[in-house]
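Below: one structure, written as structure tokens.
The values are calculated or read from the model by the stated rules, or taken from the named source; none is laboratory data. Everything quoted here is computed from the prediction, not taken from an experiment. Note: ideal-geometry Cβ built from the backbone for every residue, glycine included; neighbour counts use all protein chains shown. Quick note on the areas: whole protein, heavy atoms, side chains included, nothing else; ligands and nucleic acids left out. Shrake-Rupley method; radii C 1.70, N 1.55, O 1.52, S 1.80 Å.
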Amino acid sequence: MNSDNKRPTEDLNEESIISRLSTSDFVNNIVYYPSVQSTMDEARKFALSGSPEGTLVIADEQTSGRGRFNRSWISPPGANIYLSLLLRPSANIVPQLTMVASLALTDAIRSFLQTPEQISIKWPNDVRVLGKKIGGILIENSFGGDISGAFSIIGMGVNVNFDPQHYPDIADGATSLQNSLGYSISRLDLLDKLIGSISQFYQALNNGKNLVREWANNSDTLGTNVRLTWGHQAFEGLAISLNEDGSLVLQSSDGSVSAFPSGEVSLHID
Ligand code: BTN
């Protein structure tokens, strides 16, 4: 990092990423774009043309970055991490990818924080520091049917050397590593740590590890009263647990218990 609070002189580009991540067996193909509409779309094209698990698409800027529920993801150049990773998991572990991704992102960001306990996961996979969103995860699955086979794409956006205050839509609810630390960090260092963490959690999942307990230990949602929107319906209750498939179990004031799938529900907590 620079001592004058400026952006580090290193920067993301194809060469720096490839030389930094070259020791990873997990990521076997890296595709870098200075600017692209969305890394999700590019990763999808690679998946459909038969690219293997471990293809990583990363961009310095996205012109149509998207989040869950088709919200836009602010993606200016020179500041943040925008990546999509192509995986080809067996169908039975696909629901747990949301835990893999959120735990990996939490782990990576935590390693840079001076106060590690400030970070938490808002169900299903918003990573927050002191209750403000620092990173988001979008997972898109295709269950195959043609020769390109089934695949999952984990998309991650991380606010790194970026000031959300310059963007009124997210100014209240978002933060960045730079805002949390008071100085900028190397995106390459964070990327390296992040890919290592994804690889670790994904391997653990493939080896049969149940990630629910670890996820629960990092959650700021369990044990709190929440409001959920599922389609046009609203629900309120105490978030009591997480099922192995990543669905959130809510207890309503009448005592009834229901589970809500992560893909379709939007959660509101204060
Ligand atoms: C969310 O919190 O709603 C998920 C945000 C996911 C954003 C990332 S940035 C890289 C990848 N490309 C996209 O267009 N979206 C994801």
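If the condition is being within 14 Å of the ligand (Cβ to nearest atom) and under 21 Å from S241 (Cβ atoms), then region 99-136 contributes A101, S102, T106, I121, K122, W123, P124, N125, D126, V127, R128. Residue pairs whose Cβ atoms lie under 9 Å apart, sitting 6 or more positions apart in sequence or on different chains, and linking a residue in region 80-93 that is of a type in the set (S, T, Y) and more than 8 Å from the ligand (Cβ to nearest atom) to a partner that is open to solvent by 20 Å² or more (accessible area, probe 1.4 Å) and in a loop (DSSP other than H, G, I, E, B), are S90/A150. Could you say whether any residue in region 216-229 is touching a Lys or Arg at 6+ places or on another chain (Cβ under 7 Å) and open to solvent by less than 20 Å² (accessible area, probe 1.4 Å)? Yes: one or more hits.
The number of residues in region 18-41 being within 13 Å of the ligand (Cβ to nearest atom) and open to solvent by less than 20 Å² (accessible area, probe 1.4 Å) comes to 4. Given (1) assigned to a helix (DSSP H, G or I); (2) surrounded by 17 or more Cβ atoms within 10 Å (Cβ to Cβ); (3) not small (G, A, S), identify the lone condition not met by L250. It is condition (1) that L250 fails. Answer with yes or no whether K193 is open to solvent by 20 Å² or more (accessible area, probe 1.4 Å), closer than 26 Å to S84 by Cβ and free of Cβ contacts under 8 Å to residues at least 40 places away in the same chain. No, not satisfied. Taking residues in region 15-38 that are within 20 Å of P76 (Cβ to Cβ), and partners anywhere that are open to solvent by 30 Å² or more (accessible area, probe 1.4 Å) and of a type in the set (S, T, N, Q), the pairs with Cβ atoms closer than 6 Å and at least 6 places apart or on different chains are Q37/T63; Q37/S64; S38/S64. Out of curiosity, is I93 over 13 Å from the mean Cα position of the chain (by Cα), modelled with pLDDT under 95 and either of a type in the set (A, V, I, L, M) or farther than 18 Å from I195 by Cα (or both)? Considered against the rule, which asks whether it is over 13 Å from the mean Cα position of the chain (by Cα), modelled with pLDDT under 95 and either of a type in the set (A, V, I, L, M) or farther than 18 Å from I195 by Cα (or both), I93 comes out as yes. On the stretch given as region 42-67, residues that are open to solvent by 50 Å² or more (accessible area, probe 1.4 Å) and within 8 Å of the ligand (Cβ to nearest atom) total 2.
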